[in-house]
Structures are given as C-alpha cells and as structure tokens.
1. Name the residue, out of THR354, THR266, THR285, that is at pLDDT 90 or above, polar (S, T, N, Q) and buried (at least 16 other Cβ atoms within 10 Å of the Cβ).
2. Identify the single condition in (1) out of contact with any Phe, Trp or Tyr (no Cβ under 7 Å at 6 or more places or on another chain); (2) at pLDDT below 90; (3) under 17 Å from PHE277 (Cα atoms) that SER393 does not satisfy, given that it satisfies every other one.
3. Pick from VAL239, VAL202: which is in contact with a Phe, Trp or Tyr (Cβ under 9 Å, 6 or more places away or on another chain), in contact (Cβ under 8 Å) with a residue 24 or more places away in the chain and either surrounded by 18 or more Cβ atoms within 10 Å (Cβ to Cβ) or of a type outside the set (Ser, Thr, Tyr) (or both)?
4. From the residues in the range 452-462 that are buried (at least 18 other Cβ atoms within 10 Å of the Cβ) and not β-branched (Val, Ile, Thr), which one is nearest to ASN265 (Cα to Cα)?
5. Condition (residue is under 30 Å from THR15 (Cα atoms) and either part of a helix (DSSP H, G or I) or not aliphatic (A, V, I, L, M) (or both)) applied to the range 149-156: is it met by at least one residue?
6. Among the residues of the range 65-73, are any under 34 Å from the mean Cα position of the chain (by Cα) and surrounded by 15 or more Cβ atoms within 10 Å (Cβ to Cβ)?
7. So in the range 12-23, with the set limited to residues that are under 19 Å from ASN82 (Cβ atoms) and either at pLDDT 90 or above or aromatic (Phe, Trp, Tyr) (or both), which one is farthest from the chain's Cα centre (by Cα)?
Amino acid sequence: MIWENKVEELKKNITGMLSRKLNVKDKKIYILYIPQITDRNSLSENVIKPLLQYSDEQTLTAQLIISSIIYTDDVFLEEDTNKITDYVLQGKSVIIVCDSGEYIVANTLKIEKRNIQSPEVEAAVRSPRDAFNENIDSNLSLIRYRIKDSSLKADYCTVGVRTKTSVVLVYLQDVANPKHIIETKKRLAKIKVDGILESGYVQKFLSNKKSTLFSEIGISERSDSACASILEGRICILVDGSNLALIVPKTFIEYLDIGDDHYDNTYLGMFLKGLRFMALIMNLTLSSVYVIIVAFHPEFLPSQYILLLAASRVQVPINAVTEALMMEGILELLREASLRLPKQIGSSVSIVGTIVIGQAAVFAGIVSPLMVIIVSLSSMASYAIADYTFMNSMRLLKFFMIFLSSIFGLFGFCMALTIIVIKIASITSFGIPYTEPIAPFNYEDMKNYISSNVVETEHRPNLLNTKDKRRKK
C-alpha cells in the first residue's frame, strides 16, 4: 500500500497529472504523466502496449521491464521518491511496480517547436539559412551537424528554481581555455532565481557587473556563426526556450565582425569592417556634432555653409539642443512602435510615418532640414552592426553625448568621448580586456581580424589563450 498512498499524494500535489493503473501478471503497475507535455502516442505504443502484451512466466520486475519489455530508448531506474515530482514535471513518464523499491523513468517528453527558419536578427547575403529556434535539442543538432569532432562537449545544467530551464555549454575540450569553462560554470551555478525564460536573463547574470551598459557577452542566431566561435576556442551557451545563443568571451571589435566578412572577398570584408566602424562613430556623434556647430562653434564651417545653415534655421523656434533631443526621441519612438506593429503593415507604416513626420516638421518650421538628414543618417548607421545588444548601448550613449555637448560645447563633446573610451577600456570579458587586440595591442590578432582570410589565418586568437593554438594542421 506504500506506492498506492504515494500515487494519491502525487495526484493531489501535481495539478493535471494523470495516472494509468495496469494489472500485469498479478502485478499492479502505475504510470504517471502529464498529458500536455507527454508524447501520448509514444507512451501508448512503447510503454503501455508492451506491458499489457507481456505473457512470459518470468517474474515481472522493474529491471526486467527496462531490459526486455518496453521500447523507449531513454529509460533508467531511480530509487529516490522525492525526485518523482521533478521527473513528471519535466515531461517524463514514471512507471511504478508496486512491490519494487525502485521505479522507472521513461523519457516521453513532447516538445512543440518551430521548424528551422532563416535568421532575422543576423540577416546576411551570403550565409547558411538555418537559424536557431527555441528548442535546445534542435539547436544542438545544428552545431553537431557542422562540427563532427569527438572533443565537442555539451555540458548540461539546470537554472531556475521553478522553471528548471536547461542550459548547455558547448565547446571543444581540446581547444577551449579551461579557465573560461570553469568561470562560466561557476557563474551559472551562482544564478539563484525563480525562472529563466530567455537567454537574456542568463546574459545579465553572467556579466561582471549586473548593471553594465556594454554587453560583455555576444549573441548569435546563426548556427554557422556559433560554430565559428566554438572553433576559435570560445564557449557557446544554449538556453532552452531561446533562439539566441550566447558567446563568451567577446571583445569590443568583434561586434563589428559578421559571417559575410569571412565568406566574401578579403578586401570587401576589410572595406565593410571600416564601413561599420564609421557607422558606429556616426550613430554616436552626428547629433552632438550638430549641436556643437550650431550652438557653440559655427566657425568650424566655411563661411558660405554658415550662411546656409543660418538661413535654414531662421524659422526654427527652438534651440539646437532641444531640436536634436526632440528628433532623436521621435526617432526612437518610431523605432519602438514599428517593432510592435503587425508584420504586414509595420514596414509601410514606419516608412510613411517617418517621411510624413519629417516633411511636416520641416514645413512647419519646427526643425531644420539638416537636422532631419542627420537623424536619418544616425538611424541608418545604427542598423549596420549585426549585434543589436551592442548598438542599444550606443543609442543610449548618443543622448549622453548630446547632453554634455549642450552644456560644455566642444569640451563637453571631448569629455563625453573620453568617459566612454575609459569605460570601454576598463571592462573585461571573462578576464580578457574588452579592447583587445587593440589595447593591449597584438599584431597577429589584429591582422587576422582585419583581413578575415581563412587561408592566411594559421593561429587561433592569442587573446583566448587556447589549448590548441593552431588552426591549420
């Protein structure tokens, strides 16, 4: 009667749990499962049907059921009755033979998932079209499909007291720096929170400072990018329920690199890297430079341009600082609104809204045409970087630049840039300086980063201090 009482107790404690009672060869067998997360066809065909059809004279035991009767591939014996609740909530089926001190755990989990689709966050012209989805097993299969190496390790852990979210660390054991692996596992073990619903939660907990503005951990939606990072000696972190993998460690200049740079012509990749760096500077400084020139230092411009600028601002009733803050704020509002609009009308509404608002503001004399051009260029530049988490920091720092420039002019502009550079230089990503290989300077790493030429790159990045430093064998 011990197991019968335990089953009744579990039915009261676990909402939605069902129990199926079988009588096989004068043995009482209970099967416990939650129908919403259980593959009921698999349970019926691979567990219940073989048990009911059992007719041998051999005494029915839990060990015999595992070895000779049921068909489920992932199955094991367990003695700790306190774990039954966890197993059932994970989508597994618990098989109890009443006169046995052990019970059987069969993996009959049913997972609802999207099909493999093209990347949306890291869209590229020349790259594979398979992107991660929300299922951790599917994501791991995409990595194993590309890296067929016995040293590829996938270390599982569970994070979240209530959600019990699966997290996997994927790395090459004979390449990755052991210090990075140990440090990552240590930080994951320190996560004590009710639930992990997306990889962004893990990203915050893994950061050195929980409130840091700059991202120390990269994201990857594309499986080829994640595999490239693993081959370099980095660690890829997959979180169940998230379509974005985390890459550690990550340095500043690596956010300007995308997969196309390695697949296309070397010189084109170098040109595009320079273009992205210019886009980064433009997004950060254009509006504050406009404020400096209009409000403090018009002499920076040739005389004919000063007159044109003055003529364009004759009817503008507000100062340059208010004009810049207002237009940048409206741009961020349009950006946020376009993300929430239905997909079918989002792009058209955002484009029409931007054009109409910009033209109306100019005709009404609220802003100058030059301000509209600057805000538009700044907005376009913010989309040139693939990792949006990195550009989110720059979008916020843009307002910081405008604020200091509006108070102190050119001195405030230089002061704001200095503060940002000092902050970037003071960050480390898992012990690696955020500005490496620029500072401290490493010629080989810098050359390999700029060229992105897989033919000429013989060594893995020195900054990672990997076990196996050579890429070419």
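1. Going through THR354, THR266, THR285 in turn, just one is at pLDDT 90 or above, polar (S, T, N, Q) and buried (at least 16 other Cβ atoms within 10 Å of the Cβ): THR285.
2. (1)
3. It is VAL239.
4. That would be SER452.
5. Yes.
6. So in the range 65-73, the residues under 34 Å from the mean Cα position of the chain (by Cα) come out as 72-73.
Keeping just the survivors that are surrounded by 15 or more Cβ atoms within 10 Å (Cβ to Cβ) gives 72.
Checked against the condition, which is being under 34 Å from the mean Cα position of the chain (by Cα) and surrounded by 15 or more Cβ atoms within 10 Å (Cβ to Cβ), the range 65-73 yields at least one hit.
7. Pass one, the range 12-23, residues under 19 Å from ASN82 (Cβ atoms): 12-15, 17, 19.
After this cut, where a residue has to be either at pLDDT 90 or above or aromatic (Phe, Trp, Tyr) (or both) as well, the list is 17, 19.
Numbers: MET17: 34, SER19: 39 Å.
Restricting to residues being under 19 Å from ASN82 (Cβ atoms) and either at pLDDT 90 or above or aromatic (Phe, Trp, Tyr) (or both), the top hit is SER19.
The values are calculated or read from the model by the stated rules, or taken from the named source; none is laboratory data. Here the structure is a predicted model, which means the values were calculated and not measured. Heads up, the Cβs are rebuilt from the backbone with ideal geometry, glycines too, and the neighbour counts pull from every protein chain shown.
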